[in-house]
Amino acid sequence: LEEGTLTESRLVVRLPKHKPAEAEMKFQLTGLPFQRALQVMGDEERLITGELMLTGTLQGNGKNPRGILNTLNGNIEFRIMQGHIQKGLIVPKILSILDIPSLLQGKVDLTREGTPFDKFTGRFSIRNGIMTSENVVLDSPVVKISGVGSYDMPTDQLDFVVVVSPFGSY
């Protein structure tokens, strides 16, 4: 890695004869600029800065005819520190609905600088391709957001509820 540190990683792939492949992965990544992680994933819909810490374990196999996502199990935890959400899918829409950019006019230029945050954290469990969380938190001087819900990876369906407390430090 040219940025960040991969402090722990392990990938095990089993290729039994005449049977579907199985894989397990364990990883711990620290100090990676989150914007770089988005670039690696090819995500052009978001622009989020900050320092990423990511740990997780994942396992899956090729036994399901609908694909490996349906067999994916594991846990992932992330923390992004001291960043800005300059372009995104959810937080900018929430701020827009609450008309926060105009209410903070003269204090913060959310259009130019993005939404600053101190930390953005979450812990997810994955069972048969369905990722669930009970503690996604965005801690920002502009807004505090907590969320719970699930994301069905095979069908690309998001079911999430958020609680928003505007004007954190303002």
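How many residues does segment 16-55 hold that are small (Gly, Ala, Ser) and at positive phi?
Final tally of qualifying residues: 3.
Say we look at segment 1-58 and pick out the residues that are of a type in the set (Asp, Glu) and open to solvent by 80 Å² or more (accessible area, probe 1.4 Å); which of these is farthest from THR121 (Cα to Cα)?
Per the criteria, the residue is GLU2.
For segment 35-81, which positions are of a type in the set (Lys, Arg) and either under 27 Å from GLY114 (Cβ atoms) or touching a Phe, Trp or Tyr at 6+ places or on another chain (Cβ under 7 Å) (or both)?
Selection gives ARG36, ARG46, ARG79.
Working only within segment 69-100, note down all residues that are buried (at least 16 other Cβ atoms within 10 Å of the Cβ) and either over 22 Å from SER125 (Cα atoms) or at pLDDT below 90 (or both).
Listed by number, the residues that qualify are GLY83, HIS84, ILE85, GLN86, GLY88, VAL91, PRO92, ILE94, LEU95, ILE100.
Can you give me the number of residues within segment 59-68 that are open to solvent by less than 80 Å² (accessible area, probe 1.4 Å) and either part of a strand (DSSP E or B) or under 20 Å from SER165 (Cα atoms) (or both)?
2
The values are calculated or read from the model by the stated rules, or taken from the named source; none is laboratory data. All values reported here derive from a predicted model rather than from experimental measurement. Please note: Cβ atoms are built from the backbone with ideal geometry, for glycine as well, and neighbour counts cover all protein chains shown. What goes into the accessible areas is simple: the full protein's heavy atoms, side chains included, and nothing from ligands, DNA or RNA. Shrake-Rupley method; radii C 1.70, N 1.55, O 1.52, S 1.80 Å.
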